[in-house]
Amino acid sequence: MKSVLIINGPNIKQIGVRETGIYGSQNIDDYFVKLKHDMTSINFNVRYINAEADITAAIHNSSKDYVAVIINPGAYTHSSLAIADAVSSVAIPVIEVHVSNINTRSFYRRTSYLSEVCMGTITGFGLASYKLALQYILESQSYTNS
């Protein structure tokens, strides 16, 4: 069974601790443990990467071991052409996710450099945004068991 890479950008590791009014109080690591238990028909590898260069490298290397990428780029959503270019350079599907609804937040958070190069964007469903992305990959032709 092939796997999906989940890349979380800067400060995402702090979900459950920081700004709980926006991101919720559930610890993100605990969420992924439960999600792995609940979604046994798909493998996924969760990485927390703070450096932009390391995120682009992970995307560049993703097609070797993964059938798709789910990315929550954090603040890089609104500033990184490098990450957007990395997404454009891979032949596997990339889905952008956000825990909060970036479209209802500060004006500078409403622009995503990744949305136009990703397969789709899931925003505003809390941590369930990750599960929605995994379910799409699992149910789509993008995910194969070979």
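The values are calculated or read from the model by the stated rules, or taken from the named source; none is laboratory data. Because the structure is predicted, anything quoted here is derived from the model rather than measured. A quick note on method: Cβ atoms are made from the backbone with ideal geometry, for glycine too, and the neighbour counts reach across all protein chains shown.
The residues listed here are ILE59, ILE95, ILE55, ILE71; of these, the one that is more than 24 Å from SER140 (Cα to Cα) and touching a strand residue (DSSP E or B) at 6+ places or on another chain (Cβ under 9 Å) is ILE55. Checking each residue in the range 89-119 for being loosely packed, with under 14 Cβ neighbours inside 10 Å and modelled with pLDDT of 90 or more picks out SER89, ALA91, GLU116. Within the range 79-95, can one find any residue that is within 17 Å of ASN8 (Cα to Cα), among the small types (Gly, Ala, Ser) and in a strand (DSSP E or B)? No, because not a single residue in the range 79-95 is within 17 Å of ASN8 (Cα to Cα), among the small types (Gly, Ala, Ser) and in a strand (DSSP E or B). Checking each residue in the range 50-105 for being touching a residue at least 60 places away in the same chain (Cβ under 8 Å), in contact with a Gly (Cβ under 7 Å, 6 or more places away or on another chain) and closer than 17 Å to LEU5 by Cβ picks out ASN72, PRO73, GLY74, TYR76. Evaluated against (1) surrounded by fewer than 13 Cβ atoms within 10 Å (Cβ to Cβ); (2) touching a residue at least 12 places away in the same chain (Cβ under 8 Å); (3) of a type outside the set (Lys, Arg), LEU5 falls short on exactly one condition, (1).
Quick one: in the range 39-54, which of the residues that are part of a loop (DSSP other than H, G, I, E, B) and in contact with a Leu (Cβ under 8 Å, 6 or more places away or on another chain) is surrounded by the most Cβ atoms within 10 Å (Cβ to Cβ)? Quick ask: steps written out before the conclusion?
In the first step, residues of the range 39-54 are kept if they are part of a loop (DSSP other than H, G, I, E, B); the result is 39-42, 49-51.
Adding the requirement that they be in contact with a Leu (Cβ under 8 Å, 6 or more places away or on another chain) leaves 39, 41-42.
Numbers: MET39: 15, SER41: 10, ILE42: 20.
It comes out as ILE42.
Looking across the range 1-38, the residues that are within 17 Å of LEU132 (Cβ to Cβ), among the hydrophobic types (A, V, I, L, M, F, W, C) and assigned to a helix (DSSP H, G or I) come down to ILE12, ILE28, PHE32, LEU35.
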